[in-house]
Each structure stands twice: as C-alpha cells, then as structure tokens.
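One structure is given below, encoded as structure tokens.
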Amino acid sequence: MKITVVGTGYVGLVTGTCFAETGNDVTCVDIDANKVKKLSSGQITIYEPGLEKLFERNLKEGRLSFTTSLEEGIKGAEVIFLALPTPPGADGAADLSFVLNVAAHLGKIMTDYKVIVDKSTVPVGTAERVAAAIAENCKTPFDVVSNPEFLREGVAVDDFMKPDRVVIGTTSERARKVMGDLYAPFVRQGNPILFMDEKSAELTKYAANSFLATKISFMNEIAILCEKLGADVDMVRRGIGSDDRIGKRFLFPGIGYGGSCFPKDVQALVKSSEDVQYNFKILNAVMDVNERQKLFLLPKIQNYFNNDLGGKHFALWGLAFKPNTDDIREAPALYIIEALLAAGATISVFDPEAMSNVQRLLSNKNGKIVYAEHQYTCLENADALIIATEWSVFRTPDFQKISTSLKNKVIFDGRNLFDIARMKELGYHYESVGRIPVSL
Ligand SMILES: NC(=O)c1ccc[n+]([C@@H]2O[C@H](COP(=O)([O-])OP(=O)(O)OC[C@H]3O[C@@H](n4cnc5c(N)ncnc54)[C@H](O)[C@@H]3O)[C@@H](O)[C@H]2O)c1
C-alpha cells in the first residue's frame, strides 16, 4: 500500500518506518527542512531503541522516503496519517491548528479517494472537524479515521510492531477495510483490532493516558503517606500489586510524570470536560499532585543543607523524562535544575542520550550548568548526587567511584534505584521516595 505520514517526529517516524517494514511504500512529510534533509541522507533524528536499523534498511530498500512537500508526499497515497503536534493551548485545550491546517491543505490538493487518519492525540469531535476542513475545498470522496497511537517512547518500535491493541474509529466500511488490511501484519498473534466509532476512539486515548497518570499520582501520594507514617512504599507497592485487579505495573512512586503526553493529555481531558460543564475532579487532583511531586526532592535537599544551597554544587544524573529516550519535554529534571539554580546552586548534569537537547534548551546559564562527559566525571566536587531518571546505567553504579568523586556521601534519589540496607552498609546519606531515609 502507498502511505503518507505527515509529521515525522517521535510518532511519525516510528509509524512510517514500521509500515515500511511490513512492505508498504511510505513517504514521510515534515515542514522541518533540516529534519527532512538529515533523514533523507540516512541520519536518524531521534533516539529510539531498535529504530535505526529498521530505518536504514527501509531507506536503503526504497520503501521509505522523506519530503517537505505535502503535494509530492501524497501522490498515489491511499492512506494519509496525520502525526502532527497537538500541544496544549493557553487554556489547556489541545491546539488543533497543526492538524486542521494540514487538513485544509489536503482538501485543496487531493484528487482521488483517500483515507485520512488522525494519529495525533486529539479531543472528541476532531475527526468531524478534520473532515469539515478537508471538505471545504475538496471535490473527491474521502474518509477520516481516528487511530490513536499508544506507543511508549523507549519501546516504541516493539509497541508499534506488537501492539496490545489497535484502536480504529470509523463508521465507513470502505475505510474499515483499508485500515484492517494495513494493520493485519501487526495483529497476527491475536492482539485485537478494536473497531469503534470515531468519538469513542478519540476518547479511548485520553482515558488511557489519564488513567495511567492517575495511577502514578495515586502512588506518589501513598509514598508521601508512607514517609509520614513510617511505612515503606516498596512493601506497600508489592502488597497491592499482587492483587491482579490492581496489577504490578505502573505502581512505582517517583518525582512525577513528564513527557509530551501525560501532562498535556490529562490537561486536555479536563478542558474537554469543562467544555461540557463537567468538573473532572479526580484529574484535577492528579495534575495538582504531579506539579508538587516534580519538586518532591527539593525540601529534602534544602533540609539536609540547612536551607542554604547558595554556593553548593550538585551532580544530576538523568535529564530525559524517562529512560531510553532523548525526549526532555516536561521532564522533572528541568524543574529540579531551575529550582537549584534559583536557590543559588550550580549543577553538573549527565544523561546517556538527552544532553544535547537540554544544552539546546538551557545552554550553560553563565557557567552554572556543566554538561559532563561521563556519569562519574559529573560527580566531581559535588556536594550531593541527585537522580532524576532511572536509566539502567545508574542502577548498579560503582559506589567506590561515587564516594571518591563526591565531596559528601549524599544521594537524593527520585527513582528509588538503590536498596536501603545496602546504602546504610555503604555509609551513604540516602533519601528516596516513600522509604525510610538512611542518615549519616
Ligand atoms: N511521543 C509520544 O510518545 C506519543 C505517543 C502517542 C501519541 N502521541 C501523539 O502524537 C502526536 C505527535 O507527537 P510527537 O511526539 O510525534 O510530536 P513531535 O513534535 O515529535 O513531531 C511532530 C512533527 O510534526 C512536524 N510538523 C509540524 N507541523 C507540520 C506541518 N504543517 N506539516 C508537516 N509536518 C509538520 C514537526 O516538524 C515535527 O517533526 C501528538 O498528538 C502526540 O500527543 C505521541
């Protein structure tokens, strides 16, 4: 099948590459000329495990190509995916201008039947608005389908190739057949394609992300309670996770969720609820808890240093919003950096993949941020180590090297990487989330 993917970011590039991998002829369109140039010359633009190999193979074999021209990109295409940004607008609602502008443009240049697929996360009713934007100038028949994406950055290729489910919202038999054929190779192991109406598909995506964010904020509140009551959240987590109605996954407390999806999607669902005069109380609380949680370590750090961080130097491990990605959108680490700088401290940072993205965003703030080349050089002369992302390379570090590089054996761990008893044995002052602190 000939497919076009409009928007070649985290979702678009994975979608395009994975459809090419199953034999389709894919053209990816992006307005970012630099990105298109890089991709066309075989240079991958995001870090995503497993993607580079598939990208190189499909590019070489001619099934994957890139262009900045929408007109050129849709030539001969049967299906056009929209994997465009839907960032929060000033009022928290999803900004649909990227999606609707491209839809209007498509209406002007489409000359035969096409299935236009909303892969971006969009509020209920968007499929209708996209159809209206296309129809304004379009003379050929078309269908608009809602096909929300559930991939997780860091395991995106696996998620796309072996999805738990594929959700397809359409009431058109013609589009249903096209989409069913396209996704058939991805559901051979019995994972379902769930066909439904467009609105239900659109809401499914927001409901999924909001539920997961709720689980995180719930556990973060349990962790706070654990600290206040003298319980251990690891024990509580295991205790409740053994109940299969609750499940073991997504029960890890930490310093809040970030990324390009949970924060904006929870906010957008709250706004959609307000638009129909409904106060979604739980989600408002989920957002409040998460805002507070991003700076959860700060009072602990302040307290340890007698409320005087002026002139202190910290090492920060982990900048990406989660491991195995270079994505720093809404990353808790960024909030920690800002708070430490505002308190008069300086910071050395290290992340296996996200350094250049942070450097581009924050630069070095007049020498107050140092970008370390290695996780251990990052520690030199630091008063304490702070951990913000649970990259595997941080899980079993060389504690000997840590203690010789740091000025003090002090670690504030926002991801509960280390065993409390072990830290006690090694003689660290170690504070984490929802567990009994180890004091020097
Ligand atoms: N990132 C995720 O993990 C994830 C997962 C599921 C769903 N989503 C949703 O998918 C959508 C895309 O997210 P993303 O993370 O891939 O965004 P992204 O910012 O990484 O990529 C968007 C791309 O669209 C391009 N673009 C913008 N305007 C364009 C235009 N007019 N024509 C062509 N290209 C244009 C940008 O240059 C960029 O490359 C969002 O709605 C998001 O909520 C994201």
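The values are calculated or read from the model by the stated rules, or taken from the named source; none is laboratory data. Every value quoted in this text rests on a predicted model; they were computed, and no experiment measured them. Reconstructed Cβ throughout: ideal geometry from the backbone, glycine too, with neighbour counts over all protein chains shown. For accessibility, only protein heavy atoms count, side chains too; no ligands or nucleic acids. Shrake-Rupley method; radii C 1.70, N 1.55, O 1.52, S 1.80 Å.
Details
- Matching option when the condition is within 16 Å of the ligand (Cβ to nearest atom), of a type outside the set (Gly, Ala, Ser) and at positive phi, among 160, 250, 262: 250
- Only residues that are assigned to a loop (DSSP other than H, G, I, E, B) and either surrounded by fewer than 23 Cβ atoms within 10 Å (Cβ to Cβ) or touching a strand residue (DSSP E or B) at 6+ places or on another chain (Cβ under 8 Å) (or both) were counted in the stretch 310-342, giving 11.
- Enumerated strands (runs of 3 or more DSSP E) restricted to the stretch 356-440, each holding at least 2 residues that are under 20 Å from residue 300 (Cα atoms) and not aromatic (Phe, Trp, Tyr): 384-387, 410-413, 429-431
- The one condition in (1) touching a residue at least 60 places away in the same chain (Cβ under 8 Å); (2) within 14 Å of the ligand (Cβ to nearest atom); (3) open to solvent by less than 20 Å² (accessible area, probe 1.4 Å) that residue 24 fails to fulfil: (2)
- In the condition set (1) more than 11 Å from the ligand (Cβ to nearest atom); (2) within 21 Å of the chain's Cα centre (by Cα); (3) at pLDDT 95 or above; (4) assigned to a loop (DSSP other than H, G, I, E, B), residue 92 is compliant with all but (3).
- Residue match in the stretch 112-119 (condition: open to solvent by 30 Å² or more (accessible area, probe 1.4 Å), within 16 Å of the ligand (Cβ to nearest atom) and at pLDDT 95 or above): no
- Selected residue [open to solvent by 10 Å² or more (accessible area, probe 1.4 Å) and assigned by TED's automatic domain parsing to the domain that holds residue 151] from 82, 106, 96, 51: 96
- Condition met for residue 115 (in contact with a strand residue (DSSP E or B) (Cβ under 7 Å, 6 or more places away or on another chain), part of a loop (DSSP other than H, G, I, E, B) and among the hydrophobic types (A, V, I, L, M, F, W, C)): no
- Any hit, the stretch 92-99, residues being in contact with a Ser or Thr (Cβ under 8 Å, 6 or more places away or on another chain) and over 22 Å from residue 153 (Cβ atoms): yes
- The number of residues in the stretch 120-148 being within 11 Å of the ligand (Cβ to nearest atom) and within 21 Å of residue 174 (Cα to Cα) comes to 3.
- Scope the stretch 164-176; condition within 16 Å of the ligand (Cβ to nearest atom) and out of contact with any strand residue (DSSP E or B) (no Cβ under 9 Å at 6 or more places or on another chain); matching residues: 164
- Any hit, the stretch 206-216, residues being over 26 Å from the mean Cα position of the chain (by Cα) and touching a residue at least 60 places away in the same chain (Cβ under 8 Å): no
- When residue 387 is tested against (1) within 21 Å of residue 329 (Cα to Cα); (2) of a type in the set (A, V, I, L, M); (3) out of contact with any Gly (no Cβ under 7 Å at 6 or more places or on another chain), only condition (3) is not met.
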